[in-house]
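Quick notes on the structure that follows.
The values are calculated or read from the model by the stated rules, or taken from the named source; none is laboratory data. None of these values were measured; they are calculated from a predicted model. Cβ coordinates were reconstructed from backbone atoms using ideal geometry, including for glycine residues, and neighbour counts include every protein chain displayed.
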Amino acid sequence: MSDAPDRPPGQHRRTRLTRVGVAEDVSVGAVAAPLHLTTTYVWPDPHTKPALDYGRSSSPNRQLLERALAELEGAAGGVITASGMAAIDLVLSLLRPGDLVLAPHDCYGGTHRLMSARAARGHFDVAFVDQTDLAAVDRALAARAPKLVWIETPSNPLMRVTDITALVEKARAMGALSAADNTFLTPARQQPLALGCDVVVHSTTKFLNGHGDVIGGAALAADPACVDALKWWSNCAGLAGAPFDAYQTLRGLRTLFARLDAQEATAAALAERLASRLGPERVHYPGLNSHPQHALAARQQSGFGAMASMTLADGAAADAFLRALRLIPVAASLGGFETLACRPATMTHAGMAPDARAAAGVHDGLIRVSVGLEHEADLWTDIARALDAAGA
Ligand SMILES: *Cc1c(COP(=O)(O)O)cnc(C)c1O
């Protein structure tokens with residue numbers, strides 16, 4: 001790598017993303033970065049530890065993906081993990097018993113389950129609050145100072161938007177770290193570190209890989225000392241992702257901006273159609289003028305993303321809708337090139353206790369759609385037919 005020609009990386013993140021790892025190989029001059037599956041690396045001398053040492057702590061393919069994501073998020077560095085949950089657990093390993101995490105009451109179901117289960121074992125404490133209600137956040141902060149403020153915006157599945165800058169300022173004033181799960185918008189649409197967050201996490205399984213064929217995660221930080229702490233824990237606990245997964249994910253990541261441009265345009269068009277059919281209050285997409293945090297989303301994000309949800313009458317209507325889809329598969333997960341639909345109450349959020357689900361507003365009739373690269377007209381034909389079947 002060291003004697004690669006001095007190519008300018010480009011001014012724009014879009015360009016820089018296409019340059020990471022390209023034409024850097026010095027073994028055979030490959031333009032595409034090679035896949036290194038090795039477990040371990042040669043020591044030149046028993047006292048001289050090589051820069052790359054052992055596959056649990058380092059891998060050239062993970063390093064490239066880490067560089068690309070750090071470039072996109074404006075991070076000092078980070079860790080590529082085996083899943084999004086591993087990335088979240090990695091950040092939580094910075095906490096001690098008695099520390100408090102202040103998390104959104106409507107965070108990703110797996111995050112809610114992980115934090116609740118670890119809190120039940122006494123690893124730390126957790127308080128869930130509606131972070132779109134800054135008065136409720138202030139009350140929670142006054143009750144007890146957190147060590148970590150966890151942010152996820154837009155929320156899953158209701159697409160509620162949280163004011164990152166306001167939360168970060170409150171966290172910082174109390175000496176707490178702030179971490180944001182940026183899975184839904186990706187750094188192509190939202191940069192939490194630039195808004196003051198200390199840590200950003202991803203399920204790279206979703207938009208970053210974008211091809212529905214890898215499970216992976218990443219945790220990145222602005223402060224090099226925090227990056228070192230994350231790397232130490234990742235190596236200690238063995239949380240890192242496989243080299244092949246990093247290779248695949250970087251391959252998927254190359255087209256992030258182009259995919260998102262197309263998927264977002266289709267999502268916006270479908271959200272408009274749904275809003276005129278169902279009424280705007282039933283459609284949850286931050287790009288709609290009727291969305292309660294539309295102005296905040298327009299200010300904080302550089303686009304509205306490709307995720308939307310809608311509230312049908314009840315669980316029976318939601319089931320009828322999903323059973324009538326022909327083109328769109330019913331599946332958990334999101335962010336791929338293929339449109340997917342799901343019913344959060346019985347699928348992605350089934351692991352949440354029913355009262356926690358109700359508090360988070362995950363209605364039985366809620367349908368979440370991850371909009372892919374298909375032609376908008378084909379998607380609308382499928383959705384409109386399914387809405388007929390659901391009596392909506
Ligand atoms: C999917 C997802 C996760 C968990 O990621 P995995 O890769 O499935 O472990 C975390 N947060 C959000 C917002 C997600 O959508």
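Across the range 106-127, which residue is nearest to the ligand (Cβ to nearest atom) among those that are at pLDDT below 95 and surrounded by 21 or more Cβ atoms within 10 Å (Cβ to Cβ)?
Tyr108
Quick one: Glu24 ticks every box in (1) under 18 Å from Pro187 (Cα atoms); (2) touching a residue at least 12 places away in the same chain (Cβ under 8 Å) except a single one, so which number is it?
Exception for Glu24: condition (1).
For the range 225-301, list the helices (runs of 4 or more DSSP H) that sit wholly inside it and hold at least 2 residues that are among the hydroxyl-bearing types (Ser, Thr, Tyr), more than 27 Å from Thr311 (Cα to Cα) and touching a residue at least 60 places away in the same chain (Cβ under 8 Å); which are they?
Per the criteria, 243-253.
Please specify each residue of the range 132-157 satisfying the condition of being more than 18 Å from the chain's Cα centre (by Cα) and assigned to a loop (DSSP other than H, G, I, E, B).
Across the range 132-157, the qualifying residues are Thr132, Asp133, Arg144, Ala145, Pro146, Lys147.
Out of Pro157, Pro187, I need the residue that is modelled with pLDDT under 95, buried (at least 23 other Cβ atoms within 10 Å of the Cβ) and of a type outside the set (Phe, Trp, Tyr). Which one?
Pro157
If you go through the range 338-356, how many residues are surrounded by fewer than 20 Cβ atoms within 10 Å (Cβ to Cβ) and in a loop (DSSP other than H, G, I, E, B)?
Here the count works out to 6.
Scan the range 20-27 and tell me whether some residue there is exposed (fewer than 12 other Cβ atoms within 10 Å of the Cβ), assigned to a strand (DSSP E or B) and out of contact with any His (no Cβ under 6 Å at 6 or more places or on another chain).
Checking the range 20-27: not a single residue is exposed (fewer than 12 other Cβ atoms within 10 Å of the Cβ), assigned to a strand (DSSP E or B) and out of contact with any His (no Cβ under 6 Å at 6 or more places or on another chain).
Residues that are within 12 Å of the ligand (Cβ to nearest atom), out of contact with any Gly (no Cβ under 9 Å at 6 or more places or on another chain) and touching a residue at least 12 places away in the same chain (Cβ under 8 Å): does the range 91-100 have at least one?
Yes, there is a match, as at least one residue in the range 91-100 is within 12 Å of the ligand (Cβ to nearest atom), out of contact with any Gly (no Cβ under 9 Å at 6 or more places or on another chain) and touching a residue at least 12 places away in the same chain (Cβ under 8 Å).
Given the residues Val227, Val214, Val200, which is the only one that is away from the ligand (no atom under 16 Å from the Cβ), at pLDDT 95 or above and β-branched (Val, Ile, Thr)?
Exactly one residue qualifies, and that residue is Val227.
Check off (1) surrounded by 22 or more Cβ atoms within 10 Å (Cβ to Cβ); (2) more than 19 Å from the chain's Cα centre (by Cα); (3) at pLDDT below 95 for Leu312 and give me the number that stays unchecked.
Answer for Leu312: the failing condition is (3).
Residue under question is Leu64, and the condition is that it be within 15 Å of the ligand (Cβ to nearest atom), in contact (Cβ under 8 Å) with a residue 12 or more places away in the chain, surrounded by 20 or more Cβ atoms within 10 Å (Cβ to Cβ) and in a helix (DSSP H, G or I); does it hold?
For Leu64, the condition - within 15 Å of the ligand (Cβ to nearest atom), in contact (Cβ under 8 Å) with a residue 12 or more places away in the chain, surrounded by 20 or more Cβ atoms within 10 Å (Cβ to Cβ) and in a helix (DSSP H, G or I) - is not met.
Among residues belonging to the range 305-322 that are more than 16 Å from the ligand (Cβ to nearest atom) and in contact with a helix residue (DSSP H, G or I) (Cβ under 7 Å, 6 or more places away or on another chain), point out the one that is nearest to Thr205 (Cα to Cα).
Here the answer is Met310.
Take Val201 and decide whether it is surrounded by 20 or more Cβ atoms within 10 Å (Cβ to Cβ), in a strand (DSSP E or B) and of a type in the set (A, V, I, L, M).
Against the criterion (surrounded by 20 or more Cβ atoms within 10 Å (Cβ to Cβ), in a strand (DSSP E or B) and of a type in the set (A, V, I, L, M)), Val201 qualifies.
Looking at the range 71-91, which of its residues are more than 29 Å from Pro9 (Cβ to Cβ), aliphatic (A, V, I, L, M) and under 12 Å from the mean Cα position of the chain (by Cα)?
Met85, Ile88
Select from the range 158-185 the residues that are within 16 Å of the ligand (Cβ to nearest atom), out of contact with any Leu (no Cβ under 6 Å at 6 or more places or on another chain) and in a loop (DSSP other than H, G, I, E, B) and list them in ascending order.
Residues satisfying the conditions are Leu158, Met159, Arg160, Thr162, Asn182, Thr183, Phe184, Leu185.
Quick one: what pairs do we get from the range 324-350, first residue away from the ligand (no atom under 11 Å from the Cβ), second part of a loop (DSSP other than H, G, I, E, B) and among the polar types (S, T, N, Q), C-beta under 7 Å, 6+ apart or different chains?
If the second residue must be part of a loop (DSSP other than H, G, I, E, B) and among the polar types (S, T, N, Q), the pairs left are Ile328/Thr339; Leu340/Ser333; Cys342/Thr348.
Any residue that is under 22 Å from Asp213 (Cα atoms) and in a loop (DSSP other than H, G, I, E, B) - is there at least one of those in the range 357-372?
yes
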